[in-house]
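Worksheet: one structure, shown below.
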Amino acid sequence: MSLRDTLQSFDPAERLQFPELSLTALMQAADRLAEMTERLERVPPLQPTPLVLDDVVQALRTGQVPEYRALKRVCQGGLDPLLDFPDARALLRVLLQCVQDSGRAMLHKALFTGFLQTYQSGHWLTWVLTLYFRQNFALLPRIWQARVARYGLLAEACSRTLAVTLLEQRQRPVKDLLDDMGVRGVLRTSGFAVSLYRAVCDQVFVRFPNAPLDRFWQVVAPEGLPYEGEANATAQALLSPYFSTDPEPDTREQIEKFLLAVYGDPRVSPQAWAGVPLEAVGIFSRWLTQHALNVLMQIVENLHEPEQWAERFRFWRTFMDQGLVSDVWIALGPTAQKTLEHLQQLGKAMASLPIGHLERAGVDASHSLILMRIGDCVVSDWTHSGKIRLYENGNPDTPVLYQTSYDPALLRDDTRADHVQPHHTGWQTKVEWMLFNLAGIDRPQTLATAGDAGITDLLADSPFGR
């Protein structure tokens with residue numbers, strides 16, 4: 001058949017027939033398209049350039065309607081910069097009127113995104129926008145109408161309600177719930193997400209000792225809620241319950257690993273813990289010290305030379321048990337460091353456990369050092385042969401705790417210390433009185449005559465666990 005015959009026989013009415021679509025089907029299709037569009041939104045909203053912001057502000061001040069794209073950009077990513085203007089409240093009132101008069105769902109979606117981005121409980125901007133969207137609920141895109149209705153996103157104390165939902169609704173993974181709430185894509189790090197994370201932390205703390213930590217770990221899992229800059233809320237939730245009691249070993253290990261990975265050791269990186277209550281910092285520091293001492297005992301036992309350290313640890317443990325040791329830091333020799341790595345591979349020591357090391361020159365590879373702050377003094381001792389050295393407050397040569405590397409030659413230099421005591425017969429009594437006189441502490445009841453328990457017995461009897 002020729003092309004001419006084909007064209008003459010073509011019947012558009014027959015060939016271009018489409019089924020009639022109901023309004024419900026069209027709305028469902030629109031919802032699916034909106035959902036697909038949201039999945040593509042991975043880039044944070046661009047803040048308006050100063051020029052765009054100035055143009056929008058000038059239009060609002062003169063009663064004009066800003067250009068649509070510029071207004072949308074300010075709604076979505078420029079509400080915070082808008083607050084810097086002295087007449088911010090008046091500007092916001094005119095902006096909201098322009099958005100309302102437009103009646104455009106996409107402009108309301110942009111404003112709702114900006115609302116969630118800048119969300120801050122108790123802030124006047126959050127309250128004004130909450131009232132606006134309550135009054136203009138019907139102008140939101142249908143997908144957000146459904147979320148607001150399902151989860152009460154515009155209700156008072158909604159963060160607390162949603163936090164309870166995340167922790168208690170165990171039949172659904174936390175990530176699925178967050179996606180369903182709309183806390184996804186660019187909104188995963190929004191002000192609303194931060195507020196929600198803080199509320200989760202509050203609920204974890206309130207629900208102690210039955211806090212659903214398994215759900216909390218889902219909250220902070222990849223694609224969970226933002227926690228990097230929230231050390232205060234996190235520490236309050238995970239550490240405050242243990243001011244007067246200790247967690248189960250597995251729970252403690254989970255908490256230790258998470259806090260170390262996210263915020264680091266507060267003794268080494270105190271800036272990351274700024275603002276966290278001192279009691280909570282003290283608990284975590286104590287846990288890390290206990291874990292390091294436990295690991296040190298295992299290292300010495302693995303090196304098959306435990307007796308010297310057993311006697312010394314029995315002595316220092318008395319000071320630790322009575323709360324006289326405020327800071328402890330350990331530095332490992334090369335062989336001890338390899339033993340630690342082996343223990344970490346076996347899962348018997350945290351891979352991220354903060355510990356210092358001794359430089360290879362000038363030290364036996366199996367030797368390790370312990371530094372302690374007792375009262376006003378710093379004391380150093382060794383796991384094997386080595387003297388006790390005491391540095392009084394103000395000594396410029398005092399070893400600095402929490403360093404990653406130490407020079408053994410400096411640590412063994414008697415001239416740098418204020419007092420030196422070899423481990424000869426009766427050394428315990430001499431050191432005890434030395435600290436009593438110089439460190440400003442009460443004289444403890446020592447274990448110097450407690451017998452000759454071996455390192456294995458000390459491990460079993462240790463308050464730090466095996």
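Cross-link partners of Lys72 among lysines, defined as those whose alpha carbon lies under 25 angstrom from its own and excluding same-chain residues fewer than eight positions apart: Lys109.
Using the per-residue mean of other Cβ atoms lying within 10 Å as a proxy for protection, in what order, highest first, do the peptides 97-106, 63-72, 113-122 fall? Could the numbers behind the result be given before it?
On the way: 97-106: 14.4, 63-72: 15.9, 113-122: 19.5.
Those peptides, ordered most packed to least, come out 113-122, 63-72, 97-106.
Here the alpha carbons of region 131-181 define both size measures, Rg and Dmax, at 11.9, 34 Å.
Considering all C-alpha pairs of region 176-237, those separated by over 15 Å amount to 46%. Within a straight-line Cα-Cα reach of under 18 Å, Lys348 can be paired with the following lysines, leaving aside sequence neighbours fewer than 8 residues apart in one chain: Lys257, Lys338.
Please report the spacing between the Cα centers of region 206-230 and region 154-181 in Å, no decimals. With region 206-230 and region 154-181 each reduced to a Cα centre, they are spaced 12 Å.
Here the simple spin-label model places points 7 Å from the Cα toward Cβ, and for Val128 and Thr415 these points are separated by 7.1 nm. Computed 3J(HN,Hα) for region 277-292, one whole-Hz value per residue from the Karplus formula 6.51 cos²θ - 1.76 cosθ + 1.60 where θ = phi - 60°, is x, 4, 5, 5, 4, x, 4, 5, 4, 5, 4, 5, 4, 4, 5, 5, glycine and proline marked x. Most tightly packed first, judged by the mean number of other beta-carbon atoms within 10 Å of their residues, the peptides 135-148, 191-204 read 191-204, 135-148. Using +1 at the Cβ of each Lys and Arg and -1 at the Cβ of each Asp and Glu in region 120-203, identify which of Ser159, Gly182, Leu129 lies farthest towards the dipole's positive end. Going by the Cα projections, it comes out as Gly182.
Since every read-out is calculated from the coordinates, none of them should be taken as a lab result. As the structure is a computational prediction, the values presented were derived from the model and not from experiment. Note that we place each Cβ from the backbone using ideal geometry, even for glycine, and neighbour counts take in every protein chain shown.
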